[in-house]
Amino acid sequence: MTAPVRRAGVFAALCTLALAVPLGNPRVGAAIAAVAVLGALAVTDGPLFELLAYPSDYEAGRLYGIVTLVLAGATLGLIAVTTSMSVAVFVGTVLLVGYGNLAEQLAHRWTDRDVVHTAAFCVVATVAAVAGQSAARSIADGATLESLSPALPTMLFLGASGALLASLLRDILFANDDPVVMLTVGLLGWLLAELEPALALSGGEIVAALAVTVAFGYASYALETASIAGMLTGILLGLLTIVLGGYGWFAVLISFFAIGGLSSKYRYEEKAERGVAEDNNGARGSGNVLGNAAVALGAVLGYAASSATLLPGNPEPSLFLFAFAGSVATAMSDTLSSEIGSVFETPRLITTLEPVEPGTDGGVTWQGEIAGVAGAAVVAGISYGLFDAVTTVGAAIIVAAGVVGMTVDSLLGATLEGRVLGNQSVNFLATLSGALVCALLVLSFAVLG
């Protein structure tokens with residue numbers, strides 16, 4: 001057994017001690033955490049140090065890796081016993097990180113394929129999270145297997161969402177950043193658990209949602225339209241969208257990922273020669289996915305919170321639907337206008353209409369503008385066909401919002417991108433403008449009507 005596997009096994013065992021909180025009480029958990037921290041600080045060399053040390057620990061001569069992991073767990077436990085976060089979410093999160101890491105290290109011994117390592121982490125982390133939540137509920141509340149059954153869909157949803165986020169963070173951060181991963185995943189689990197009143201899917205439907213999103217995510221990776229981080233981000237966004245919104249919302253979102261991803265491959269060699277092609281052979285990473293879809297995710301969460309009457313003022317849930325559609329229409333418009341327009345004639349700067357080099361931020365072509373309008377129309381057409389709330393007027397508003405967002409993206413590119421804002425920030429602000437314009441126009445028509 002290799003050193004990373006042995007270390008991961010010890011860490012997993014330490015994570016299992018999180019069960020001390022529901023089994024005993026918070027004081028017991030705090031005492032165990034204190035002993036673990038003091039013990040780790042006391043060990044400065046020898047076999048135990050060699051077993052537990054991360055590479056960075058050798059320079060410091062202290063087991064700071066295990067210290068920070070224990071402190072992160074203790075912090076999460078403190079949040080769980082002093083706020084509305086459930087102890088079950090805390091235990092599930094800690095076990096998720098510990099056993100997911102162990103599975104990933106074991107997978108490294110069998111294959112060098114990164115996608116297999118990722119899959120091993122996600123599967124085992126999900127199982128560990130569900131087991132941890134179930135054990136915590138059984139210990140703290142005396143719940144039986146029969147009484148736990150109604151909560152299983154929620155536990156599976158929380159476990160799978162946490163596993164995907166943890167794997168994503170581990171991919172874009174460093175392998176020894178598990179304390180950050182643990183805290184972030186715990187906070188996500190807390191947020192999603194608060195939305196439980198909006199969760200109406202059965203366990204089988206959650207499994208089906210996972211199967212659908214994983215299939216689409218892996219297809220994007222296999223077709224080289226997304227990196228592993230981009231794949232994980234897409235799967236997580238898709239799962240949240242299906243569970244909190246529905247398959248109609250997912251169809252709108254996946255239309256952007258599918259068409260936008262394929263458009264990056266359109267005449268790729270020619271775009272590469274012109275210096276305007278996406279990096280990594282067009283495979284989109286997590287930053288690109290989040291820059292284009294973060295606002296859409298916020299709209300999905302807002303819709304779920306509104307449906308569960310958790311928001312002040314009880315805003316109409318359909319407003320979040322239109323904000324979602326407006327943001328996706330913007331992302332689609334901007335992507336198609338860039339990917340298709342960049343292979344045609346010399347672009348012109350949107351602010352002055354002067355000819356500029358291909359790839360210049362804020363440069364537009366008439367072909368790209370038409371492609372952008374067509375992209376917004378695709379999103380509007382799908383929304384019109386799937387949602388009763390989207391009338392003909394609503395569809396026209398979605399197209400208008402997409403075009404406005406695309407224009408905002410170009411204006412920001414010509415004025416602030418590269419000096420004040422990065423590309424992903426511009427994408428975020430553009431999709432936010434599309435979402436706001438769409439929601440406000442719908443609200444205005446409702447008031448006037």
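The values are calculated or read from the model by the stated rules, or taken from the named source; none is laboratory data. Here the structure is a predicted model, which is why all the values come from computation and not from measurement. When we count neighbours, we look across all protein chains shown, and the Cβ atoms used for this are built from the backbone with ideal geometry, even at glycine. Protein only, heavy atoms only, side chains kept; ligands, DNA and RNA dropped before computing areas. Shrake-Rupley method; radii C 1.70, N 1.55, O 1.52, S 1.80 Å.
In the context of the full set of protein chains, region 103-216 has a per residue accessible area of 46 Å² (1.4 Å probe). The simple spin-label model puts a point 7 Å past each Cα toward its Cβ; for Leu443 and Asp45 those points are separated by 6.7 nm.
Relative contact order of region 172-264: 25 percent, from C-alpha pairs under 8 Å at least 6 residues apart in sequence.
How do Asp171, Asp45 rank by accessible surface area computed with a 1.4 Å probe, from largest to smallest?
Numbers: Asp171 75, Asp45 110 Å².
Accessible-area ranking of Asp171, Asp45, largest first: Asp45, Asp171.
Across all directions, the average projected area of the convex hull around the alpha carbons of region 74-222 is 9.3 nm². When a 1.4 Å probe is rolled over the protein heavy atoms, the share of accessible surface on region 59-201 that falls to carbon and sulfur comes to 63 percent. Between amide H atoms placed 1.01 Å from N, distances below 5 Å from Leu349 occur with Glu354, Val356, Val364, all of them 5 or more places distant or on a separate chain. The reciprocal of the average 1/r between distinct C-alpha atoms defines the Kirkwood hydrodynamic radius, which for region 295-404 equals 15.0 Å.
Where does each of 432-438, 182-188 land if you order them by average Cβ count within 10 Å, highest first? Write out the running numbers ahead of the final one.
Values: 432-438: 25.7, 182-188: 22.3.
By packing density, highest mean first, the sequence is 432-438, 182-188.
Accessible area of Phe344 (1.4 Å probe, protein heavy atoms only, ligands and nucleic acids ignored): about 70 Å².
List the chymotrypsin sites (Phe, Trp or Tyr not before Pro) within region 177-227 that DSSP assigns to loop and that have no more than 16 neighbouring Cβ atoms inside 10 Å. Intermediate values should be presented prior to the final figure.
Values: sites: Trp190, Phe216, Tyr218, Tyr221; in loops: none.
Within region 177-227, no chymotrypsin sites (Phe, Trp or Tyr not before Pro) qualify (loop, at most 16 other Cβ atoms within 10 Å).
Within 10 Å, count the other beta carbons around each residue, average over each peptide in 251-263, 407-419, and list them highest first.
On the way: 251-263: 21.4, 407-419: 19.3.
Top to bottom by mean Cβ count within 10 Å: 251-263, 407-419.
Could you tell me what percent of the accessible area of region 319-430 is made up of carbon and sulfur, with a 1.4 Å probe and every protein chain present? Carbon and sulfur atoms account for 65 percent of the accessible area of region 319-430.
Mind checking the per residue accessible area of region 51-102 for me, 1.4 Å probe, whole number of Å²? Before the final figure, lay out each step's value.
On the way: 1930 Å² over 52 residues.
Counting only protein heavy atoms, the per-residue value for region 51-102 is 37 Å².
The alpha-carbon atoms of region 139-262 define a convex hull whose volume equals 116 cubic angstrom per residue.
Of the peptides 22-34, 85-97, the order by per-residue mean of other Cβ atoms within 10 Å, starting with the highest, comes out as 85-97, 22-34. Need one word for region 6-159: rounded, prolate or oblate. Basis is the Cα gyration tensor (sqrt eigenvalues a ≥ b ≥ c); a/c below 1.5 gives rounded, then a/b vs b/c decides. Cα axes put region 6-159 in the oblate bin.
What the Kirkwood sum gives for the chain is a hydrodynamic radius of 23.4 Å, with every pair of different alpha carbons counted.
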